[in-house]
Amino acid sequence: MRRNILTYKAPPNNEGYDLLCIHPDPNKVTRQIRIQVKSRYPTDCYWDFPVKEKTFGAFDFLIAVFLNIGNFYKKDQAGSRRDPDFYTFPVEFMRQRHVKTASWEEVRLEGLGAEIEQYKNERGFELIAEALGIEYPARV
């Protein structure tokens with residue numbers, strides 16, 4: 001809402017995407033953006049997500065939400081809680097990091113720290129606004 005992107009929850013049990021985003025001006029709604037959301041609770045989580053290759057055609061962006069509610073795997077809890085982090089990845093980025101084994105499909109982000117900073121929080125949400133052609137809100 002801060003970025004003026006109208007976002008709606010997809011119908012229940014919808015495979016491939018969780019949110020639909022559109023331009024706020026009904027005269028400028030030329031396309032919709034489909035978002036898949038993946039989340040991780042712990043601060044010390046693994047940076048991978050189960051994503052099936054067949055769903056890549058069903059979404060435009062994947063938002064990875066790291067809730068950072070505390071360490072689950074390390075005993076040290078001091079200072080492990082922090083604000084959530086949001087990463088908005090284009091589907092092409094997900095395809096490049098997709099790993100498929102005989103029994104599992106996932107996208108791995110481990111060790112990509114500096115490379116994924118461009119997709120973090122506001123910078124990532126800006127990618128959706130740009131794809132929809134939404135200018136930054138300003139007082140007229």
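The values are calculated or read from the model by the stated rules, or taken from the named source; none is laboratory data. Small disclaimer: the values here were computed from a predicted structure and weren't measured. Cβ atoms come from the backbone with ideal geometry, glycine included; neighbour counts cover every protein chain shown.
Quick check on region 124-134. Is at least one of its residues free of Cβ contacts under 8 Å to residues at least 40 places away in the same chain, within 17 Å of Lys38 (Cα to Cα) and within 14 Å of the chain's Cα centre (by Cα)?
No - not one qualifying residue is present in region 124-134.
With the checklist (1) in contact with a helix residue (DSSP H, G or I) (Cβ under 8 Å, 6 or more places away or on another chain); (2) closer than 20 Å to Glu126 by Cα; (3) at pLDDT below 85 in hand, flag the one item Glu15 doesn't pass.
Status for Glu15: all satisfied but (2).
Name the single residue, out of those in region 18-43 being under 18 Å from Glu106 (Cα atoms) and not hydroxyl-bearing (Ser, Thr, Tyr), that is modelled with the lowest pLDDT.
Taking the candidates together, the pick is Arg40.
How many residues, within region 102-130, are in a loop (DSSP other than H, G, I, E, B) and either at pLDDT 95 or above or farther than 12 Å from Val51 by Cα (or both)?
10
State which residue is surrounded by the fewest Cβ atoms within 10 Å (Cβ to Cβ) when the search covers only region 22-64 and only residues that are small (Gly, Ala, Ser) and more than 30 Å from Arg81 (Cα to Cα).
Gly57
From (1) over 16 Å from the mean Cα position of the chain (by Cα); (2) farther than 25 Å from Thr7 by Cβ, pick out the condition that doesn't hold for Gly113.
Condition (1) is where Gly113 drops out.
So which residues in region 1-12 are touching a Pro at 6+ places or on another chain (Cβ under 6 Å) and over 23 Å from Asn121 (Cβ atoms)?
Of everything in region 1-12, nothing turns out to be touching a Pro at 6+ places or on another chain (Cβ under 6 Å) and over 23 Å from Asn121 (Cβ atoms).
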